[in-house]
Amino acid sequence: MKKRNGFLYLQLAEQLQQMISSGVYAVGDKLPSVRTLQQEHGISISTALQVYSHLERKGWITSKEKSGYFVHYSRSGRAPLPHRYRNCIRLTNANPWNEDQEWAIQMLGTLIRKQY
């Protein structure tokens with residue numbers, strides 16, 4: 001793969017995000033291995049790891065030790081919250097809530113995602 005403007009791993013991450021968003025990969029689907037990604041795109045192993053690490057930080061995918069990387073994207077039109085924020089949302093979901101609380105949680109999620 002030829003490098004255009006910007007970092008190569010970000011370009012590949014964007015391609016995978018588009019494939020996930022468009023439904024090529026569904027929630028729970030296993031993504032190609034790091035070695036397969038490396039060979040298909042002619043990149044180094046460290047670049048392939050950067051791609052998956054970036055997508056994992058953004059909440060698009062999740063890794064399972066010795067199993068690989070899996071799609072963790074919600075088809076609601078946005079990626080789920082990164083793991084470290086999910087417990088906060090779960091706690092708020094435990095209480096009955098109204099539309100104002102729903103809006104506040106959505107805004108919190110939006111603000112957190114903008115950090116990435």
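In the range 64-87, which residues are among the small types (Gly, Ala, Ser), at pLDDT 60 or above and open to solvent by 50 Å² or more (accessible area, probe 1.4 Å)? The one that is among the small types (Gly, Ala, Ser), at pLDDT 60 or above and open to solvent by 50 Å² or more (accessible area, probe 1.4 Å): Ser67. All told, Tyr25 falls short of being open to solvent by less than 80 Å² (accessible area, probe 1.4 Å) and modelled with pLDDT of 95 or more. Thr47 - would you say it is surrounded by 16 or more Cβ atoms within 10 Å (Cβ to Cβ), over 15 Å from the mean Cα position of the chain (by Cα) and over 22 Å from Gly109 (Cβ atoms)? Spelling it out, Thr47 is indeed surrounded by 16 or more Cβ atoms within 10 Å (Cβ to Cβ), over 15 Å from the mean Cα position of the chain (by Cα) and over 22 Å from Gly109 (Cβ atoms).
Take Glu56 and tell me if it is at pLDDT 90 or above, under 24 Å from Gly109 (Cα atoms) and open to solvent by 50 Å² or more (accessible area, probe 1.4 Å).
Values: at pLDDT 90 or above: yes; under 24 Å from Gly109 (Cα atoms): yes; open to solvent by 50 Å² or more (accessible area, probe 1.4 Å): yes.
For Glu56, the condition - at pLDDT 90 or above, under 24 Å from Gly109 (Cα atoms) and open to solvent by 50 Å² or more (accessible area, probe 1.4 Å) - is met.
Close contacts from the range 46-74, counting a first residue that is closer than 16 Å to Gly23 by Cα and of a type in the set (Phe, Trp, Tyr) and a second that is open to solvent by less than 50 Å² (accessible area, probe 1.4 Å) and in a strand (DSSP E or B), with Cβ to Cβ under 7 Å and a gap of 6+ residues or different chains, come to Phe70/Ile61; Phe70/Thr62. Looking at the range 5-70, the helices (runs of 4 or more DSSP H) lying wholly inside it that each contain 3 or more residues that are touching a Pro at 6+ places or on another chain (Cβ under 9 Å) sit at 45-58.
The values are calculated or read from the model by the stated rules, or taken from the named source; none is laboratory data. Just so it is clear, the model here is predicted, and its values are computed rather than measured. All Cβ positions, even for glycine, are placed from backbone atoms using ideal geometry, and neighbour counts span all protein chains on display. Heavy atoms of the whole protein, side chains included, go into the accessibility calculation; ligands, DNA and RNA do not. Shrake-Rupley method; radii C 1.70, N 1.55, O 1.52, S 1.80 Å.
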